Amino acid sequence: MNWELIGESLPKLLAGTGVTVQLTLFSLAIGLLLAVPLALARLSHNPLLKYPTAGFVFYFRGTPLLVQLFLIYYGSGQFRDVLSDMGLWTYFRNAWFCAVLTLTLNTAAYTAEIFRGAIQAVPRGEIEAGKAFGMSGWLLFRRVTLPKAFRIALPAYGNEVVFLLQATSLVSAITVIDLTGAADLIRSKTFAVYEMYLTAAVLYLIMTYGLVYAFRLLEKRLNAYQHRSA
Amino acid sequence: MLDLQGYGWLLLKGLQMTVLVGLCAMFMAILFGLLGAWGKFSHSRLANWAADTYTTVVRGVPELILLLLVYYGVPKLIQDGAAALGYELRLDLNPFVAGFMTIGFIYGAFCTEVLRGAFLSVPRGQMEAARAIGMSKALAFRRVQLPLAMRMALPGLGNVWMVLIKATALISLIQLDELMRNAKLAATATHQPFTFYFLASLLFLAITLVSMLVLKRAETWAKRGVRV
């Protein structure tokens with residue numbers, strides 16, 4: 001183990017960690033915003049909403065993220081002329097943009113499925129109670145169904161966040177220098193295989209278990225009303 | 001009409017390799033999973049600690065990092081070891097072996113949890129009955145506990161398989177000629193990246209669909225002795 005080299009490379013690895021965190025946060029935030037309407041569309045009785053979202057969710061959950069990244073980043077090149085005409089080529093040329101776009105769509109699909117299950121699991125009695133108070137439609141959804149569904153979904157959503165954090169490591173394959181990319185770059189120059197990958201592994205471990213801990217706290221806080229006496 | 005310029009067969013060859021490497025990885029994953037579950041149940045502190053560390057570390061580190069660590073790290077470890085003993089050695093790992101071993105090792109951690117739960121759900125009475133009619137511990141494990149646990153584990157192992165087969169796409173990054181890498185070769189040669197990556201993704205979807213059907217049948221078959 002060459003500790004000196006680890007010390008020297010640490011600033012670059014930490015910069016890569018910053019990119020990893022940034023990608024995770026951006027994709028999570030946009031993915032979450034997309035997931036709720038997607039889950040509702042998936043549950044709707046309107047076939048024009050139901051089947052396209054079902055197809056979207058099935059495609060993004062059934063294919064590897066790596067293929068999705070390549071499809072959007074390299075695949076968009078096939079439509080360069082069309083995208084240029086629409087003024088979108090500058091975005092698709094940018095690996096960072098493609099990474100966020102792919103990760104967002106991917107996590108939106110997984111999260112939509114988690115929320116669909118959670119919305120279906122909201123006890124009927126709570127919805128009936130809400131109706132008995134005279135709430136209906138959007139108000140009922142916003143005040144009763146959604147908060148309860150979010151609490152039900154929290155453990156599964158926490159897992160999805162951890163998976164997304166780890167999935168961001170794939171963006172190094174489309175030239176984004178995240179933590180994995182930075183470690184790989186230094187490894188290819190210095191042949192310091194263990195030093196780089198093990199340091200990266202430790203940084204990922206810290207982030208993963210930090211997230212796991214944060215979600216456990218959040219769960220405890222949100223479910224504080226369920227006092228367990230036993 | 002879609003013109004694949006003769007590269008269609010390359011995708012199919014890749015598909016074959018993906019399924020093969022996936023099956024080998026799944027076999028390893030179940031082996032590692034049994035080992036891990038044994039470690040978690042063992043009375044040995046060391047085995048408990050090893051199994052806990054295994055599942056904690058593997059689930060906390062991205063697959064790609066572990067894959068690169070094994071692919072570049074293991075040959076270097078052996079070379080450094082040989083150098084310390086005064087031998088000059090040049091070694092490269094076969095991407096197929098490195099790939100399925102690493103993916104198997106990673107998903108073994110997920111299988112550990114599935115199998116642990118399955119063994120816990122086998123009623124104590126079953127094992128006691130087997131012992132009472134004179135089976136040795138090993139025989140009772142093989143004839144009674146393992147088949148019952150496997151039945152309970154089947155849905156969980158099926159889920160692991162679905163995730164595992166998608167993770168094999170990563171092995172393309174260490175140059176194994178599987179579906180993803182062959183799609184890349186075809187995409188570069190024909191300048192039709194979208195067409196080929198999209199076809200590759202459809203083939204992955206096909207694997208997922210077929211697996212879903214097979215698993216459903218397997219679960220029905222495994223439950224044939226259970227009264228509803």
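Points worth noting:
- Where helices (runs of 4 or more DSSP H) sit wholly within segment A:30-108, those with at least 1 residues that are within 14 Å of chain B (Cβ to nearest Cβ), at pLDDT 95 or above and closer than 21 Å to B:Leu205 by Cβ occupy A:47-62, A:65-73.
- Selected residue (only one of A:Leu211, A:Leu179 is crowded, with 21+ Cβ neighbours inside 10 Å and either among the β-branched types (Val, Ile, Thr) or within 23 Å of A:Leu105 (Cβ to Cβ) (or both)): A:Leu179
- The residue that is nearest to the chain's Cα centre (by Cα), counting only those in segment B:37-70 that are surrounded by 21 or more Cβ atoms within 10 Å (Cβ to Cβ) and more than 20 Å from B:Gly99 (Cα to Cα), is B:Ala37.
- Of the residues making up segment A:189-205, not a single one is more than 21 Å from B:Thr56 (Cβ to Cβ) and within 20 Å of the chain's Cα centre (by Cα).
- Residue within segment B:89-106 that is within 14 Å of chain A (Cβ to nearest Cβ) and over 30 Å from B:Ile165 (Cα atoms) present: yes
- Exclusive hit being at pLDDT 95 or above and in contact with a Leu (Cβ under 9 Å, 6 or more places away or on another chain), set B:Leu15, B:Leu31: B:Leu15
- Looking only at segment B:186-223, residues that are buried (at least 16 other Cβ atoms within 10 Å of the Cβ), over 23 Å from the mean Cα position of the chain (by Cα) and either away from chain A (no Cβ under 12 Å) or not β-branched (Val, Ile, Thr) (or both) come to 9 in all.
- Out of B:Ala132, B:Ala109, one residue alone is of a type in the set (Gly, Ala, Ser) and touching a residue at least 12 places away in the same chain (Cβ under 8 Å). It is B:Ala109.
- Some residue of segment A:210-221 being farther than 19 Å from A:Leu69 by Cα, at the interface with chain B (Cβ under 8 Å from one of its Cβ atoms) and out of contact with any Gly (no Cβ under 8 Å at 6 or more places or on another chain): no
The values are calculated or read from the model by the stated rules, or taken from the named source; none is laboratory data. Every value quoted in this text rests on a predicted model; they were computed, and no experiment measured them. Please note: Cβ atoms are built from the backbone with ideal geometry, for glycine as well, and neighbour counts cover all protein chains shown.
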